[in-house]
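All remarks here apply to the structure that follows.
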Amino acid sequence: MKKYTLGVIGGGFMARAILSGAFSKKILSPKEVLVCDPSTECRAYFTSVGADVSEQNLPAVQNCRYLLFAVKPQNFAAAIEELRGQQFPVVISIMAGKTIAGIQAATGAEKIARVMPNLPCSIGAGMSAVDASRLGNEDRNFVLGLFLSVGEVIETAEEQLNAVTAVSGSGPAYIYLFLRAFISAAMKQGLREEQARTLVFQTMEGGLSMAKTSPKSLDELIAAVSSKGGTTVAALESFARDGFDAAVSRAVAAARQRAEELSE
Ligand SMILES: NC(=O)c1ccc[n+]([C@@H]2O[C@H](COP(=O)([O-])OP(=O)(O)OC[C@H]3O[C@@H](n4cnc5c(N)ncnc54)[C@H](OP(=O)(O)O)[C@@H]3O)[C@@H](O)[C@H]2O)c1
């Protein structure tokens, strides 16, 4: 029987987001968690929320049922240096670009789940894609439950994770880019910034809610806002002339290509 359910290597931004979701949804209690991080500030934070902490990573490998790697990919080699020769528990990795085969070769771990979460996990509205196919049912359910505590989860094959990275991983930035352009365009039409922000954000929220809940397809919803010769059609024709769809497609392809180049 292991002392802790979850050991975390690297208690930074994402680890805090995931653990605060897991604590608030009662997937885990702080006393079931050991967080390992060289940073004094980080350890003080986790002590303040009731978790145990360690400056070394070794106690997590030895005393935890699951081991979450939440260090930056470039710090992975240093993080496992002191763990050579250890018998690894079930490994959960959120490190971008670190493949299951690469983690297996570096650690000797047999059971590895790879997860690609995203930034809105920090407000409980995340999107995570999980390949837990090498885990048994109980372990797989633990991983899914952990990430469900900070948002939505889909299961994917590892081969799809670069595409996932290009969509939901990098995607929040595309949304912010569009919002910024939309607000700036609204201001060019004479609206004050706070008016523009309210109009754009609520239009985004309302449009998204309808897209998620309506039985209509996206094409039908576009048609529902467009009347022949009207304002929406004028805007849609302008988007089409500027190659909007192709620009989005090229951007997502570029992100996927970069994710592939960074995979190891
Ligand atoms: N942020 C995102 O939106 C996002 C989305 C998807 C996936 N990810 C993945 O999540 C992982 C963590 O990202 P993050 O944004 O949470 O990074 P972060 O805030 O930098 O957290 C990483 C933590 O690991 C610590 N650390 C460094 N070397 C260590 C070692 N040898 N042993 C133990 N801990 C060590 C760092 O301490 P110091 O600060 O003292 O170096 C830091 O506290 C990355 O692999 C990233 O690819 C992030």
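Observations
- Residue 207 being under 23 Å from residue 248 (Cα atoms), under 14 Å from the mean Cα position of the chain (by Cα), surrounded by fewer than 19 Cβ atoms within 10 Å (Cβ to Cβ) and small (Gly, Ala, Ser): no
- Boolean, residue 76 is closer than 20 Å to residue 96 by Cβ, within 18 Å of the chain's Cα centre (by Cα), within 11 Å of the ligand (Cβ to nearest atom) and of a type in the set (A, V, I, L, M, F, W, C): no
- Filter result for residue 240 (free of Cβ contacts under 8 Å to residues at least 60 places away in the same chain, touching a Lys or Arg at 6+ places or on another chain (Cβ under 8 Å) and not in a loop (DSSP other than H, G, I, E, B)): no
- Scanning region 110-142 for residues that are touching a residue at least 60 places away in the same chain (Cβ under 8 Å) and surrounded by 18 or more Cβ atoms within 10 Å (Cβ to Cβ) gives 117, 121, 122, 126, 139, 142.
- Looking only at residues of region 79-109 that are away from the ligand (no atom under 14 Å from the Cβ), farther than 23 Å from residue 53 by Cβ and small (Gly, Ala, Ser), we find that the one that is surrounded by the most Cβ atoms within 10 Å (Cβ to Cβ) is 108.
- Note on region 28-57: among residues that are hydrophobic (A, V, I, L, M, F, W, C) and in contact with a Gly (Cβ under 6 Å, 6 or more places away or on another chain), the one that is nearest to the ligand (Cβ to nearest atom) is 42.
- In region 5-27, the residues that are out of contact with any Gly (no Cβ under 9 Å at 6 or more places or on another chain) and either within 16 Å of the ligand (Cβ to nearest atom) or β-branched (Val, Ile, Thr) (or both): 5, 6, 7, 8, 9, 10, 11, 12, 13, 14, 15, 16
Residue by residue, here is whether (1) of a type in the set (A, V, I, L, M, F, W, C); (2) over 30 Å from residue 258 (Cβ atoms) holds:
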site: 60; (1), (2): yes, yes
site: 67; (1), (2): yes, no
site: 72; (1), (2): no, no
site: 83; (1), (2): yes, no
site: 87; (1), (2): no, yes
site: 90; (1), (2): yes, no
site: 97; (1), (2): no, no
site: 102; (1), (2): no, no
site: 105; (1), (2): yes, no
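- Scanning region 243-264 for residues that are part of a helix (DSSP H, G or I) and among the hydroxyl-bearing types (Ser, Thr, Tyr) returns a single hit, 249.
All of the numbers you see were taken from the coordinates with simple rules; none came from a lab. Because the structure is a prediction, the values reported are computed rather than measured. Glycine gets a Cβ as well: all are built from the backbone with ideal geometry, and neighbour counts include every protein chain shown.
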